[in-house]
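Enquirer: Pasting a structure below so you can have a look.
The values are calculated or read from the model by the stated rules, or taken from the named source; none is laboratory data. Fair warning: this is a prediction, and the values are worked out from it, not measured in the lab. All Cβ positions, even for glycine, are placed from backbone atoms using ideal geometry, and neighbour counts span all protein chains on display. Accessible surface areas use protein heavy atoms only, side chains included; no ligands, DNA or RNA. Shrake-Rupley method; radii C 1.70, N 1.55, O 1.52, S 1.80 Å.
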Amino acid sequence: MNRIKNIVCFIILSAAVALTSMPKASAEDALKVAGAQHGVWESAAPELGQQAGIFKKHGIVLDLSYHEDVKEIINDVRSGKADIGLAVGTMSAMQAYAFGAPIRIIGATMAASPKYWYVLKSSPIQTVNDFAGKTIGYERNGSSSQYDAIDFMRKLRPKVRLVATGAPAATFERLSANELDVGWAAPPFGVDKIEQGAIRVVARADDMPRIRNKTVGVMITNVDTLQNRKDSLVRFLQAYRETIDWMYSNPVALQRFSEISDVSEGITQRMRDEFFPKEMLLPDRIVGLNEVIKDAVVLDYIRKRLSRKQISELIQIVTPEPSGPLSIIRRLRDRMR
């Protein structure tokens, strides 16, 4: 009996050694990633990390695609057309889950908000104390810029009129035509104009703790991918974290981003340092969850608050399993059961 046990242990240990010596990369490690808004800092980690060889180092090859509509990202993930969806609004992910989509949140993509409100250089408006009676822009009904504006104005209570002005470029045109008092934008748009002194920032979304302390963007996968390819997802997150570190420590990251976004390196650095503190992009924590769920109910994303059981099912942050021969033996033993 002891001899049989010794043989089994020898086989398991040999398999563990073989696994540790196997090359990580394989055709099975290709991951399809659907993201939002190509050429923005908060969504750039996969492309920059792949260019820098960071994902390859972790045995991952990315097939990247981009959509303007978050619903398209969610549909790609739920159908299996994409393995991972990035920069999905937290409330949108909750909504899809609540209506039966087989998706799971495996990490964060952005906490807080880089959006800001600004005026032309010639405007007499200096601070939010001068907003009373003014027209304030936001993108469109249902957009995150509208929610940020509502949160901001509700706290400050100036009597203002919120106006849907479209994307940042369209908003700037309306501001320049004196059809608006205060415009809204999100980097990289407008950072060059701030640099030139053509516009002046008068308020930032992150001035509000209620906005600053909420995870607004997440990464998602579908249930099948999480169950069957968790190791690939773990290595994707490892590479993602390493890429974020690289984006904030290596000047080459600024150069590479400048090339894909058509923004100068100087503007890129100011945008990163002024609007995107590193903590904003770390993937390992979902913050302000109670506030996000409350907002999702109030704004009719979901009909009622998610239960604790639903939250624990929906949010499954992917973290590395312990490494080393003993942990490998345990995983092999579990698979043999």
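Enquirer: What share of the DSSP beta bridges in the range 86-201 is antiparallel, in percent to the nearest 5?
Expert: 55
Enquirer: Treat the range 38-89 as a sphere of radius equal to its Kirkwood radius over Cα pairs and apply Stokes-Einstein at 37 °C in a medium of 0.692 mPa s; give the translational diffusion coefficient in µm²/s, rounded to a whole number.
Expert: Approximately 277 µm²/s, per Stokes-Einstein.
Enquirer: Which of rounded, prolate, oblate describes the range 184-297, given a ≥ b ≥ c as roots of the alpha-carbon gyration tensor eigenvalues and a/c under 1.5 marking rounded, otherwise prolate only if a/b is larger than b/c?
Expert: Oblate is the answer for the range 184-297, as a/c is 1.5 or above yet b/c matches or exceeds a/b.
Enquirer: Still on this structure: How big is the chain by Rg and Dmax over its Cα atoms, in Å?
Expert: My reading of the Cα-based Rg and Dmax gives 23.0, 89 Å.
Enquirer: Right, here's the next one. Go from 0 up to the bin containing the longest alpha carbon distance in the range 226-273, width 10 Å each, and give me the % of pairs per bin.
Expert: Pairs per bin, as whole percents: 26, 37, 23, 14, 1.
Enquirer: Compute the projected area of the convex hull of the Cα atoms of the range 86-170, averaged over all viewing directions, and report it in nm² to one decimal place.
Expert: The Cα convex hull of the range 86-170, projected and averaged over all directions, gives 7.2 nm².
Enquirer: Please report the accessible area of ASP206 (heavy atoms, 1.4 Å probe, ligands and nucleic acids excluded) in Å², nearest 10.
Expert: Counting only protein heavy atoms, ASP206 exposes about 40 Å² to solvent.
Enquirer: Between ARG174, ARG154, ARG272, which gets the highest mean-square fluctuation from a Gaussian network model of the chain, Cα cutoff 10 Å?
Expert: Between ARG174, ARG154, ARG272, it is ARG154 that shows the largest mean-square fluctuation.
Enquirer: Can you work out the FRET efficiency for the pair ALA164 and LEU64, with r the C-beta to C-beta distance and R0 = 35 Å, to the nearest 0.05?
Expert: Given R0 = 35 Å and the Cβ-Cβ separation, E is 0.70.
Enquirer: Same structure, new question: Quick one: of LYS56/LYS230; LYS32/LYS56; LYS32/LYS71; LYS32/LYS278; LYS32/LYS57; LYS115/LYS214, which pairs are farther than 21 Å apart, Cα to Cα?
Expert: As for pairs spanning more than 21 Å Cα to Cα, those are LYS32/LYS278.
Enquirer: Compute the separation of the alpha-carbon centres of the range 250-293 and the range 147-203 and state it in Å as a whole number.
Expert: One Cα centre to the other: 20 Å.
Enquirer: Which GluC sites (Glu not before Pro) does the range 159-197 hold that lie in a coil by DSSP with at most 14 other beta carbons within 10 Å?
Expert: Sites meeting the loop and neighbour criteria: GLU179.
Enquirer: Only bridges with both residues in the chain count here: give the DSSP antiparallel percent, nearest 5.
Expert: Taking every DSSP beta bridge within the chain, about 55 percent pair in antiparallel fashion.
Enquirer: Amide H neighbours of LEU64 under 5 Å, counting only residues 5+ apart in sequence or on other chains, H built in-plane at 1.01 Å?
Expert: VAL33
Enquirer: Suppose only helical runs count, i.e. DSSP H with n ≥ 4. What mean residue ellipticity at 222 nm does that imply for the chain under -39500 (n - 2.57) per run, divided by all residues and rounded to the nearest 500 deg cm²/dmol?
Expert: -13500 deg cm²/dmol, from helical runs alone.
Enquirer: Then there is this: Rounded to whole Å and ordered largest first, report the semi-axes of the equivalent ellipsoid of the range 162-225 derived from its Cα gyration tensor (root of 5λ).
Expert: Whole-Å semi-axes of the equivalent ellipsoid: 30, 15, 13.
Enquirer: Here's something else I'd like to know. In the chain, which whole DSSP H runs stretch at least 27 Å along their own axis (Cα) and average -1.0 or higher on the Kyte-Doolittle scale?
Expert: Membrane-span-like by this rule: 2-21.
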